[in-house]
Amino acid sequence: MSYDILKQALEKKKQAAVISLDITSAFDRAWHPAIIDSLHRKGCPLVYLKLINSFLTNRTAHLDTC
């Protein structure tokens, strides 16, 4: 969620949620395909799988749609 979207929600007195993760080196030694597969089997929504895969692949997180 971009800052502008969060700001608009707050200005309209709507609920908003922000998640902040500091996982810089948490997955350095883990096998990334196994993480994605495990989350998929447990029913993790595709949008989150893409976000996590993006982070694990490029070490940055990109979410195209909310």
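Before moving on, here are some points about what is shown:
- Rounded if a/c under 1.5, otherwise prolate or oblate - segment 4-47, Cα gyration tensor axes: oblate
- If R0 is taken as 30 Å, the Cβ-Cβ distance between ASP37 and ALA17 corresponds to a FRET efficiency of 0.65.
Laboratory data are not the source of any read-out in this text; all were calculated from the coordinates shown. Because the structure is a prediction, the values reported are computed rather than measured. Virtual Cβ from ideal backbone geometry, glycine too; neighbours counted across all protein chains shown.
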